[in-house]
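These notes are about the structure you will find just below.
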Amino acid sequence: MNVQRSVPVVLAAACAAALAAAVVPVRAAAAPSGSRLCSVAHGVAADIVRSTSFAGTRVTPTKLRIIYTKVQASEPALRAAASGRIKADLKPVLAWINVLVVDLKKADWHTSKMLPYYVSLAAGAKRIVPQIDALRTYFRSTCKLDV
């Protein structure tokens, strides 16, 4: 298998997963009272937990920009609303998403130009798998979000 040709495809799939998360509505049951993080995360929870996924379909640069701009815009409110262990899990995930956004900007939001960044992004994504899993569990169990 030609690694150089497969790397952009794998990265494109990862970015496409974020797109799929954006188009699938996040349904919420009544969140526990006082759960500010649940309220803040409602619109971006699926994008966050699927940001490192390597499954999906094709994605356009415009849609990538919309997804990750939305997550970045929510970052200050997410950090302010999170507390305790979930805040500790949220920090490295948001940091990884910020690195991804920087690299996507360098590549003009085209996944086909992401090859130079793939190794470091993949390593970073692997490091935050436990935090992504913790966030997914929190969003599902505490916030009752379908992520």
- Report, ordered by the first and then the second residue, all pairs with beta carbons closer than 9 Å, sequence separation of six or more or different chains, a first member in the range 126-143 that is exposed (fewer than 14 other Cβ atoms within 10 Å of the Cβ), and a second member that is part of a helix (DSSP H, G or I) and hydrophobic (A, V, I, L, M, F, W, C). R127/W96; D133/V49
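Determine whether the range 22-35 contains at least one residue that is at pLDDT below 95, of a type in the set (S, T, Y) and surrounded by 14 or more Cβ atoms within 10 Å (Cβ to Cβ). Don't jump to the end; show me each part of the working.
Kept after step one, since they are at pLDDT below 95, are these residues of the range 22-35: 22-35.
So of that shortlist, the ones also of a type in the set (S, T, Y) come out as 33, 35.
Narrowing the set further to residues that are surrounded by 14 or more Cβ atoms within 10 Å (Cβ to Cβ) leaves 35.
Yes; the residues of the range 22-35 include at least one that is at pLDDT below 95, of a type in the set (S, T, Y) and surrounded by 14 or more Cβ atoms within 10 Å (Cβ to Cβ).
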- Is the range 52-62 home to any residue that is part of a helix (DSSP H, G or I) and more than 20 Å from A122 (Cβ to Cβ)? yes
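Residue-by-condition table, conditions (1) assigned to a helix (DSSP H, G or I); (2) at pLDDT 95 or above; (3) of a type outside the set (D, E):
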site: E75; (1), (2), (3): yes, yes, no
site: A88; (1), (2), (3): yes, yes, yes
site: P92; (1), (2), (3): yes, yes, yes
site: A95; (1), (2), (3): yes, yes, yes
site: V99; (1), (2), (3): yes, yes, yes
site: V102; (1), (2), (3): yes, yes, yes
site: Y118; (1), (2), (3): yes, no, yes
site: C143; (1), (2), (3): no, no, yes
- Query: Under 7 Å by Cβ, and 6 or more places apart or on different chains, what pairs join a residue from the range 62-89 that is closer than 16 Å to I132 by Cα with one that is of a type in the set (D, E)?
  - Reply: V71/D47
- Message: Anything in the range 105-116 that is in contact (Cβ under 8 Å) with a residue 24 or more places away in the chain and touching a helix residue (DSSP H, G or I) at 6+ places or on another chain (Cβ under 6 Å)? List them, or say none.
- Response: W109, H110, T111, S112, M114, L115
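Are any of the residues in the range 44-63 surrounded by 16 or more Cβ atoms within 10 Å (Cβ to Cβ) and touching a strand residue (DSSP E or B) at 6+ places or on another chain (Cβ under 7 Å)?
Taking the range 44-63 and keeping what is surrounded by 16 or more Cβ atoms within 10 Å (Cβ to Cβ), we get 44-53, 56, 59, 61, 63.
Next, only the ones that are touching a strand residue (DSSP E or B) at 6+ places or on another chain (Cβ under 7 Å) stay: 45.
Scanning the range 44-63 turns up at least one residue that is surrounded by 16 or more Cβ atoms within 10 Å (Cβ to Cβ) and touching a strand residue (DSSP E or B) at 6+ places or on another chain (Cβ under 7 Å).
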- Take the range 90-104 and flag every residue that is over 30 Å from S35 (Cβ atoms) and either touching a residue at least 40 places away in the same chain (Cβ under 8 Å) or not acidic (D, E) (or both). V102, L104
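Let's see how each residue does on (1) within 16 Å of the chain's Cα centre (by Cα); (2) over 15 Å from V44 (Cβ atoms):
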residue	(1), (2)
W96	yes, no
P116	no, yes
V119	no, yes
P130	yes, yes
T137	yes, yes
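The values are calculated or read from the model by the stated rules, or taken from the named source; none is laboratory data. Model, not experiment: these values are computed from the prediction. So basically every Cβ, Gly included, is an ideal-geometry build from the backbone, and we count neighbours across all protein chains shown.
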